[in-house]
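Step one of this worksheet: look at the structure below.
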Amino acid sequence: MKPDIRNRADIQQLIDTFYTKVRADDIIGYLFNDVAKVNWETHLPRMYDFWENILFQTGGFKGNPMVAHVQLHQKSPLTAEHFQHWVKLFLSTVDEQFEGENAELIKQRARSIATMMQIKVHPSNDPRSIM
């Protein structure tokens, strides 16, 4: 049996593994590497804060991810396929490492976040395709 997500250290493990996959991914990697030119040294700690807040309501995240994604979409259109693939990678990364109530909750929240992002950045994308 795999452990559930219990704390920030588990969040860090999940996010580090996930973004390692993202950076090497043929479908969405270029958005992070070439278009957004993500500074991973600053981005990863923000993602730890974001997901820790999403799962444990720590209040440790400050920022507006929607603005960043709208700006990214203006540079390179984000499609339904991008969002679908992001969700698939995230869910599979969770499933590889964790199981339990918090693992299910973070997957549910990831689906919801991806749906809202898709609606906001490109309303013509069909968010039902993510589910």
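The values are calculated or read from the model by the stated rules, or taken from the named source; none is laboratory data. Values in this document were obtained by computation on a predicted structure and should not be read as measured data. As a convention, Cβ positions derive from the backbone with ideal geometry for all residues, glycine included, and neighbour counts pool all protein chains shown. Please note that ligands, DNA and RNA were not included when accessible areas were found on the heavy atoms of the full protein model with its side chains. Shrake-Rupley method; radii C 1.70, N 1.55, O 1.52, S 1.80 Å.
The number of residues in segment 48-66 being part of a helix (DSSP H, G or I) and either free of Cβ contacts under 8 Å to residues at least 12 places away in the same chain or farther than 12 Å from MET117 by Cβ (or both) comes to 9. Looking only at residues in segment 1-60 that are among the basic types (Lys, Arg) and over 13 Å from the mean Cα position of the chain (by Cα), the one that is surrounded by the most Cβ atoms within 10 Å (Cβ to Cβ) is ARG8.
Residue under question is TRP51, and the condition is that it be at pLDDT 95 or above, among the hydrophobic types (A, V, I, L, M, F, W, C) and more than 21 Å from PRO3 (Cα to Cα); does it hold? No: the conditions fail for TRP51. Scanning segment 67-105 for residues being assigned to a helix (DSSP H, G or I) and open to solvent by 50 Å² or more (accessible area, probe 1.4 Å) gives a total of 13.
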